[in-house]
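Since the structure comes first, as C-alpha cells, the remarks are kept for the end.
The values are calculated or read from the model by the stated rules, or taken from the named source; none is laboratory data. Since this is a predicted model, take the numbers as computed values, not measurements. Neighbour counts are summed over all protein chains in view; Cβ atoms, including those assigned to glycine, are modelled from backbone coordinates with ideal geometry.
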Amino acid sequence: NAGVTQTPKFRILKIGQSMTLQCTQDMNHNYMYWYRQDPGMGLKLIYYSVGAGITDKGEVPNGYNVSRSTTEDFPLRLELAAPSQTSVYFCASTPGRVNYGYTFGSGTRLTVV
Amino acid sequence: AQSVAQPEDQVNVAEGNPLTVKCTYSVSGNPYLFWYVQYPNRGLQFLLKYITGDNLVKGSYGFEAEFNKSQTSFHLKKPSALVSDSALYFCAVSPGGYNKLIFGAGTRLAVHP
C-alpha cells in the first residue's frame, strides 16, 4: 500500500496564481484532512471531509477550497495565492469517526513570492 | 477553548540519558492522546497513542508515554536517548475520541553525542 500520497513535493507560486495540491489515499479511509504547518505554530486544520461529497471548514479555511468526489482523492485548491500561504501542507486520513490516529502524507512545501 | 500545550520549544539531552518531552491538554470529554514524530522534510509518523486502560503506553522506537488524568498530561519518555531520535515531536488530542486531532506546537528534540 502506498498510504497517503501528496503531489507535488515542492512548488513556487507567484502572487495571484492558482494551483491544486493533490492528495490520494489507497486505504479506503472515509475521513481526510488538510493541515498547514507553520514554524513554531504546529498544525492548523484547513478543511476536512468525512466522506465523498462531504466537506467542512477547519480553523483556517480562508483562501482555500476543497472537493471530495471520490473516497480516494481530496485535492486542495488555492485560487489567488498570497505570501501568507507560504507553508508546508499535509494531507492525512483516518478510517472512520472514532479517531485512532491519522496517516499522513509526506507534505507539499509551497512558497508564494 | 480546547488546546494542547507543549511548553518547551526545544529539549536537549545527551545520548544515553533519559529524555522527557512534555505535553498538557485542555479538552472536554475523555481524550484520545497521540504522539507523532517528524524527521526533516518528512511527514508525521505515528509513535504511540492512549485510548483507555493502562496509563503507561509503549510505542515505536522504545518510546513510551504516561497519561495523567489529574494533571491532564501525556509526557513522552525514553529511558536512553539516541542521536537518531533527534526530530520534531508533536502531541495531539482527539476530544472524546470522535473528533479531529488538535495538535501542539511541537518540541524539537536534540540528542548530542
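Scanning the range B:4-56 for residues that are under 21 Å from A:SER93 (Cα atoms) and hydroxyl-bearing (Ser, Thr, Tyr) turns up B:TYR32, B:TYR36, B:TYR39, B:TYR50.
Residues in the range A:1-37 that are of a type in the set (A, V, I, L, M) and away from every other protein chain (no Cβ under 11 Å): A:ALA2, A:ILE12, A:LEU13, A:ILE15, A:MET19, A:LEU21, A:MET27.
When the range B:52-77 is filtered for residues that are of a type in the set (D, E, K, R) and under 11 Å from the mean Cα position of the chain (by Cα), the ones remaining, listed by number, are B:GLU64, B:GLU66, B:LYS77.
Restricting A:GLY58, A:GLY96, A:GLY105 to those that are in contact with a Gly (Cβ under 6 Å, 6 or more places away or on another chain) and touching a residue at least 12 places away in the same chain (Cβ under 8 Å) reduces the list to A:GLY105.
Consider the range A:26-52 and keep the residues that are touching a strand residue (DSSP E or B) at 6+ places or on another chain (Cβ under 6 Å) and touching a residue at least 60 places away in the same chain (Cβ under 8 Å). The one that is nearest to B:GLU8 (Cα to Cα) is A:GLN37.
Just to be sure, is B:GLY53 surrounded by 12 or more Cβ atoms within 10 Å (Cβ to Cβ) and of a type in the set (Gly, Ala, Ser)?
It is false that B:GLY53 is surrounded by 12 or more Cβ atoms within 10 Å (Cβ to Cβ) and of a type in the set (Gly, Ala, Ser).
Scanning the range B:54-101 for residues being within 14 Å of another protein chain (Cβ to nearest Cβ) and farther than 20 Å from A:PHE104 by Cα gives a total of 4. Filtering the range B:1-51 to residues that are of a type in the set (Ser, Thr, Tyr) and within 16 Å of the chain's Cα centre (by Cα) leaves B:SER3, B:THR20, B:THR24, B:TYR25, B:SER26, B:TYR32, B:TYR36, B:TYR39, B:TYR50.
Here is a yes/no grid of residues against (1) of a type in the set (Val, Ile, Thr); (2) more than 14 Å from chain B (Cβ to nearest Cβ); (3) assigned to a loop (DSSP other than H, G, I, E, B):
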position	(1), (2), (3)
A:VAL88	yes, no, no
A:ALA92	no, no, no
A:GLY96	no, no, yes
A:GLY101	no, no, yes
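Select from the range B:1-46 the residues that are farther than 23 Å from B:PRO113 by Cα and among the aliphatic types (A, V, I, L, M) and write down the one among them that is surrounded by the most Cβ atoms within 10 Å (Cβ to Cβ). If we take residues in the range B:1-46 being farther than 23 Å from B:PRO113 by Cα and among the aliphatic types (A, V, I, L, M), then B:LEU44 is surrounded by the most Cβ atoms within 10 Å (Cβ to Cβ).
Counting only residues that are of a type in the set (A, V, I, L, M) and closer than 15 Å to A:THR86 by Cα, how many does the range A:26-44 have?
Of the residues in that region, 2 qualify.
The condition (being over 28 Å from B:TYR89 (Cβ atoms) and modelled with pLDDT of 95 or more) is satisfied by just one residue among A:ARG11, A:ARG77: A:ARG77.
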